[in-house]
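Could you have a look at this structure, given as structure tokens, before my questions?
The values are calculated or read from the model by the stated rules, or taken from the named source; none is laboratory data. As the structure is a computational prediction, the values presented were derived from the model and not from experiment. Surface areas here come from the heavy atoms of the whole protein model, side chains and all, with no ligands, DNA or RNA. Shrake-Rupley method; radii C 1.70, N 1.55, O 1.52, S 1.80 Å.
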Amino acid sequence: MNARSVLISFYSAPVYHQISPPRRRSEPDNRPQLRSCSCERANLIHFFSGSARIGFIRRSLSSTGRVRADVKSETRGVAESPPPLSEPVKIGLDYYDDDDDDGDFSTIPWWEQFPRRWVIVILCFTAFLICNMDRVNMSIAILPMATEFHWNSTTVGLIQSSFFWGYLLTQIAGGVWADTVGGKFVLGFGVVWWSIATMLTPIAAKLGLPFLLVVRAFMGVGEGVAMPAMNNILSKWVPVSERSRSLALVYSGMYLGSVTGLSFSPMLIHKFGWPSVFFSFGSLGAVWFTWWLSQAYSSPLEDPLLSPDEKKLILGNSKVIEPVKSIPWKLILTKKPVWALIVSHFCHNWGTFILLTWMPTYYHQVLKFNLTESGLFCVFPWLTMACSANFGGWIADTLVSKGASVTNVRKIMQSIGFLGPAFFLSQLSHADSPAMAVLCMTCCQGTDAFSQSGLYSNHQDIAPRYSGVLLGLSNTAGVLAGVFGTAATGYILQHGSWDDVFNVSVGLYLVGTVVWNLFSTGEKILD
């Protein structure tokens, strides 16, 4: 029997006692106080009044969604006259009728009950969705742009790689900046910066190639700070028990952003021309930024709307890591597992960025798909990547929980992330139909996503306190692979064939496999 039913049951006996409602804090208490009574029920009430002092019961939603009763210390009285049975019992400020045993204890709207930490996660997910939408739209728009401006393959490769010039500059700097001024400001700045650069792209293209290269590099500057800022803000907002789920959701935004960009770009180009892609996608950043300013805070301590229960959950369950005062660069750079991470990241990203930027061109030139078909068929590999990344993470966590060493798990997952793409890329030259080629591309990127549970998880394995520095180092090497790989692909295509492009990627995947399995570890090597 719940507390309300116990109180209501008092009224079913021949002798009635009125439980007077508690006064609001602003109204005086002029009602009769508790009188002594020889009946058992009155003694029971007297007991509660003297020891626990019956107050009001209110429903409060903790971050886990449980209902609990808060008993406040206010003494209430019982009148000698019987109460009218037709009236509801008032407990606190909420009324409950006898017919509604499971009534709603809360008057808080559902949107205010939604955990604030997951508002931050969804905002970061949306930012990464827009991030990759703005990044991949050029891979579709470059086809009509090259025709209009008479660009050859080398020029196209130069344009595609110019994004990475700015992206490279802000990897380590973005992390330092986020740690100094807060993740809210840095991520907000990044979204606004790259959105403006996206909208300026058509204007720069019409002005000339140098202007276009500068604008694409500026776009890379904005997107370069996104990942460090996201890591900074989520490390403060998300407790350890939810960190894997939140990171998986945010990174899925990147893959789904590629899906969305590749799906809508051909339709927009077909109906409104290629400039419409940059204007429409770029304007989404303004909408996001408005939401971000009103809802986001760099840490839970700054959010005035955060409930005490959720604040306790976040701050109580999060492991506090002492801030780094000095970075032992010499010690870090003399560790073989660190160099295995850097080299493997370079080998991995060479193939990944080529697929990201050149896949629509491959579909158009080799498979003879039209613009719309090129964009739509590019969707399947990214959808597969979003699913397999989470699947691979589940496999890795399961293996570790069953006693497998972290080192073996990281080597297995990254070997799949290397050898899988190498195998399927090598089969493209033997594909005898467009459907088989698309299947090979899909399987290539699907197995590539297992790297999320391999090298991308290794930074915190080997150096938890310096994981940001390691991410900056290895991701810088990965961005360099994007710069050189994207530009080199254009040069290779002008003097060779697509088979040559894929052979280079396969060779680097194999080099990465050997280096990773020889020198990587899942054990902590730096305190």
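Under a 1.4 Å probe, what is the accessible area of segment 212-278 per residue, stated in Å²?
33
Please work out the average accessible area per residue across segment 403-527, using the 1.4 Å probe convention, and give it in Å².
Averaged over the residues of segment 403-527, the accessible area is 38 Å².
Distance cut-off 28 Å, Cα to Cα: go down the list LYS184/LYS402; LYS184/LYS335; LYS312/LYS335; LYS312/LYS402; LYS184/LYS311 and report the pairs above it.
Listed pairs above 28 Å: LYS184/LYS402; LYS184/LYS335; LYS312/LYS335; LYS312/LYS402.
Follow-up. Can you give me the solvent accessible area of LEU207 with a 1.4 Å probe, rounded to the nearest 10 Å²?
110
For segment 252-315, which whole-number percentage of the solvent-accessible area (1.4 Å probe, protein heavy atoms only) is attributable to carbon and sulfur atoms?
72
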